[in-house]
1. For helix 49-76, report the angle its Cα long axis makes with the longest principal axis of the Cα atoms of the chain; keep it between 0 and 90° and round to the nearest 10°.
2. What list of whole percents do you get for P(r) of the chain, with Cα-Cα distances grouped in 10 Å bins up to the one holding the largest distance?
3. Only Cα pairs under 8 Å and at least 6 apart count here; give the relative contact order of the chain as a rounded whole percent.
4. Could you please tell me the mean projected area of the C-alpha convex hull for segment 8-80, averaged over all directions and given in square nanometres to one decimal?
5. Write down the Å³ per residue value for the convex hull defined by the alpha carbon atoms of segment 77-152.
6. Could you check which residue among 13, 95, 114 shows the biggest mean-square fluctuation in a GNM of the chain with a 10 Å Cα cutoff?
7. With a point put 7 Å past each Cα toward its Cβ, work out how far residue 10 is from residue 45 in nm, to one decimal.
8. Roughly what would the spin-label model give for residue 120 and residue 137, points 7 Å off Cα along C-beta, in nm?
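Read the figures in this text as sums done on the coordinates, not as results from a lab. Everything quoted here is computed from the prediction, not taken from an experiment. Virtual Cβ from ideal backbone geometry, glycine too; neighbours counted across all protein chains shown.
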């Protein structure tokens, strides 16, 4: 825990407890997104399964990196990242869409939905810390940029998916 990090955040007028709660929620979202992408990459079926599986696996790795960075910042600010997987669902904003249907198009739609939620989460965090906590602001901007790129990647794959295949009832 960094005493100066906590001091700088509170001196800037941020509610440290609220910031830690929101960072922890984002951390939980990232773990769930990691697993959703990882398992999706393993089970994907149908047209373009190889391409979609590769993209999902790549995104899984990036979501895990986000969780690691968020955990580091939470600890720097004197908090504790959620330490048990059951807390991930409770504290998550975006939740988890179990890939019950392994069809590639359905998995893409589920993950697009997850990315859109993540974008909203990070936009809210950015608005909270902008001009007040440059370290968290930088971290959130980086992750937000990744999430926007993920959404675009998935939308591009979805648009190139062959017609006349089923869609998600998410």
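1. That helix lies at roughly 10 degrees to the long axis.
2. In order of increasing distance, the bins hold 11, 39, 29, 15, 6, 1 percent.
3. Contact order relative to length: 29 percent.
4. 5.3 nm²
5. About 99 Å³ per residue, rounded to a whole number.
6. Looking only at 13, 95, 114, the biggest GNM fluctuation is shown by 13.
7. That separation, rounded to one decimal, is 5.6 nm.
8. 2.5 nm
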